[in-house]
1. Just to be sure before I move on: is Thr299 among the β-branched types (Val, Ile, Thr) and either more than 24 Å from Asp145 (Cα to Cα) or over 21 Å from the mean Cα position of the chain (by Cα) (or both) in the structure I sent?
2. Please go through segment 71-120 and give me each residue that is in contact with a Ser or Thr (Cβ under 8 Å, 6 or more places away or on another chain) and either surrounded by fewer than 17 Cβ atoms within 10 Å (Cβ to Cβ) or outside the structural domain of Arg320 (by TED's automatic domain parsing) (or both), ordered by number.
3. So which residues in segment 12-35 are part of a loop (DSSP other than H, G, I, E, B) and touching a residue at least 40 places away in the same chain (Cβ under 8 Å)?
4. All but one of (1) part of a helix (DSSP H, G or I); (2) modelled with pLDDT under 95 hold for Asn45; which doesn't?
5. Please state which of the following conditions Ala62 fails to meet, knowing it meets all the rest: (1) surrounded by fewer than 20 Cβ atoms within 10 Å (Cβ to Cβ); (2) over 23 Å from the mean Cα position of the chain (by Cα).
6. Take residues that are small (Gly, Ala, Ser) and surrounded by fewer than 24 Cβ atoms within 10 Å (Cβ to Cβ) and tell me which of the helices (runs of 4 or more DSSP H) falling wholly in segment 161-276 contain 2 or more.
7. Taking the stated definitions as given, is Phe38 modelled with pLDDT of 90 or more and either part of a strand (DSSP E or B) or closer than 20 Å to Thr116 by Cα (or both)?
8. Mind telling me which of the residues Leu104, Leu78 ends up being over 29 Å from Met322 (Cα atoms) and among the aliphatic types (A, V, I, L, M)?
Amino acid sequence: MPTKVLFVERKRSSFVSLEKVFRLVASALDPERFAASFAQMPFSNDLVSVVRNLLFFRPEQADVYHVTGHVHYIVFRLPVERTILTIHDLAFLHTRKGLRRFMLKKILLDWPLRRTRYVTAVSEATRDEIVSFLPQFEGKIRVIDNPLDPSLTPLARSAFRSERPVILQVGTMKHKNVVNLINALDGIECELRIVGDPDPEIIEAASRVSLHVEFLRQLDDRAMSEAYLDADIVAFCSTYEGFGLPIIEAQAVGTPVITSNLRPMSDVAGEGAMLVNPHDPNSIREGIIRIINDEALRTSLVEAGYKNIDRFRSDRVADRYMKLYDKVNQSLETYQMLH
């Protein structure tokens, strides 16, 4: 019989990138060897909901349980030897202080790592950060990249609008560094489209510059794909990420990318992006201007991007997960034989 893999995920919200990632993984598993299903938390992720999830979550029987991120604590309701936890980033340690940070570290990092058979990190940078806090668990951590949606293709691309290019920024959270991008673009003849709901700081920054800014809210997969295709440049100059999926999504549709010279963005981008200092608006500005003015550079970035995305194909990523699921099964069978 096929190995049954239960993906355990957070309650659905307006942010669905994690859920999309593991549906791509599930769809690429060998159906003769693996049967995948999904279970969502009944409640959201505030403190009271965490307690309610721990009390009321009832997972179905499975051979392998795979917690897909941001609900790390739910491993306490799952059998240790059958459970894999994927960690996407440790942003919660960078946005909290004091007692709250201490408790989140215990609930989302320290204790869950003790309660899982294996941990996967979506980038070497995320793995290194986990190990910096908990070096004793280095041996159970594997790096497995996020997969790329195979439906993203460059078939409907239009010509680069060098006179007034459209620059697409994906995300509005603090670490997405939108204010620095806005300041960098001040005075450049272009349009800036930002995917997400802006906070007051972003709105205020946009009001101070001579720049046309448009906000794109609640885009579904098709609309997001169209936004990538209609952009002349994708900007992703974040100060912190666990992976950086928009980098490879933009590369897949043939849009030139400018991103941070920090890991993991630089690792994910490979040779297929202009790398800049995200903390310096002048560095971002110079990178944007180079892409606009240099057709040969744009071509080389796009061609390198096409080569880069091959390592993120969903079948290649799924193959690495299948090998890990097999390891869990084999170690469990050995344990049962010995006992």
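The values are calculated or read from the model by the stated rules, or taken from the named source; none is laboratory data. Computed from a predicted structure; not experimentally measured. Cβ coordinates were reconstructed from backbone atoms using ideal geometry, including for glycine residues, and neighbour counts include every protein chain displayed.
1. Yes; evaluated as a whole, the condition is true for this residue.
2. Val80, Glu81
3. Within segment 12-35, Ser14, Ala28, Leu29, Asp30, Arg33 meet the criteria.
4. Condition (1) is where Asn45 drops out.
5. (1)
6. 200-208, 221-230
7. Here the answer is yes, as Phe38 does meet what is asked.
8. Matching residue, one of Leu104, Leu78: Leu104.
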